[in-house]
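Q: Shown below is the structure under consideration.
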Amino acid sequence: MITIDRILCPVDFFAASDKAVHYAAGLAEIYNAKLYLLHAVAPVVPVAYEFPLDTQGIAREMTEASSREMKKLIARVKTKGLKAESVIKAGAVHDVIRRAISTIKPDLIAMGTHGRSGIDRWFLGSEAEWLMRHSPVPVLTISAKERLRRPAFRRILVTTDFSVGTADALDYAFSIAQENNSRITLLHVVNDIAMDVSRKYRAPIIDGVEANLQNLVPREAWDWCDIRTKVEVGHAYQVIASTLEKEKPDLLVMNIHGKGMLDRALVGSTAERIVRSAKCPVMLIPPMKKATRKKTAA
């Protein structure tokens with residue numbers, strides 16, 4: 001069973017992160033977890049301006065303003081009877097988040113996204129992409145399009161390509177499902193180009209993938225969970241986006257894997273595009289078991 005005891009939620013006091021705080025608070029209530037709200041006060045760079053600046057004074061005012069906003073968020077969270085703590089640090093956002101991960105050791109990071117196009121599409125800009133690439137713990141993204149409501153997990157969609165990290169994603173999905181009596185759909189997308197090349201083997205390929213999906217399900221899960229498997233042919237992003245639109249799941253779970261810590265293969269392609277466009281929360285699971293094995297071996 002997956003445990004969630006500490007949730008880290010970076011905030012910038014705009015609408016997207018306010019929704020993330022609301023959602024993260026709901027998760028903390030469900031799992032009886034402690035919620036850490038984190039804000040980074042960006043440093044003022046005087047060389048960017050042609051006139052002298054009181055950088056210390058500006059930084060102090062920014063910190064005081066952030067403290068006032070943070071107190072409002074903490075007060076709102078604590079009205080739910082939750083354990084919550086605020087952390088305000090000066091520095092570049094990804095440095096502040098990295099240090100917070102190291103000291104707080106969260107089980108989950110929840111953050112908001114604007115869903116915009118271009119370089120301003122993330123509520124933390126490129127910092128969110130950095131987090132997707134390097135976070136050692138699951139990252140839950142909450143879209144600005146998401147309605148303000150208590151987290152509900154009646155329907156969970158899990159996408160899988162049978163790569164390293166699939167088992168980790170399934171562990172989280174089935175653990176959440178067991179806690180919330182959810183229905184789970186496992187989706188695999190067969191590349192349409194490969195299918196065109198092997199058209200006469202279409203049925204055997206789909207049957208084989210279907211069998212592999214069912215083999216991924218823990219035996220005992222069939223007894224307590226409504227499980228469905230789905231094999232589609234096409235481009236991964238388009239099929240997943242279409243499935244989200246049709247089935248409207250309450251949560252999408254995806255594993256993000258890659259070539260070491262420098263580049264997770266799905267970032268910048270399928271996962272990034274899905275996070276940008278999805279209206280439901282997306283939980284991105286890094287290859288946690290591999291990291292744990294390395295740590296244990298050390």
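The values are calculated or read from the model by the stated rules, or taken from the named source; none is laboratory data. No experiment lies behind these values; they were computed from the predicted model shown. Methodologically, a virtual Cβ is constructed for each residue, glycine included, from the backbone with ideal geometry; neighbour enumeration extends over all protein chains shown.
Q: Which of the residues belonging to segment 201-241 are touching a residue at least 40 places away in the same chain (Cβ under 8 Å) and of a type in the set (Phe, Trp, Tyr)?
A: Result: Trp224, single match.
Q: Is there a residue in segment 155-172 that is outside any helix (DSSP H, G or I), within 11 Å of Leu251 (Cα to Cα) and either among the basic types (Lys, Arg) or at pLDDT below 85 (or both)?
A: Yes, segment 155-172 contains at least one residue that is outside any helix (DSSP H, G or I), within 11 Å of Leu251 (Cα to Cα) and either among the basic types (Lys, Arg) or at pLDDT below 85 (or both).
Q: Taking Glu179 and the conditions (1) among the acidic types (Asp, Glu); (2) out of contact with any Lys or Arg (no Cβ under 7 Å at 6 or more places or on another chain); (3) modelled with pLDDT of 90 or more, which numbered condition does it fall short on, given that it satisfies the others?
A: The number of the failed condition is (3).
Q: May I ask you to list the residues in segment 1-18 that are surrounded by fewer than 23 Cβ atoms within 10 Å (Cβ to Cβ) and under 18 Å from Cys280 (Cα atoms)?
A: Ala15, Asp18
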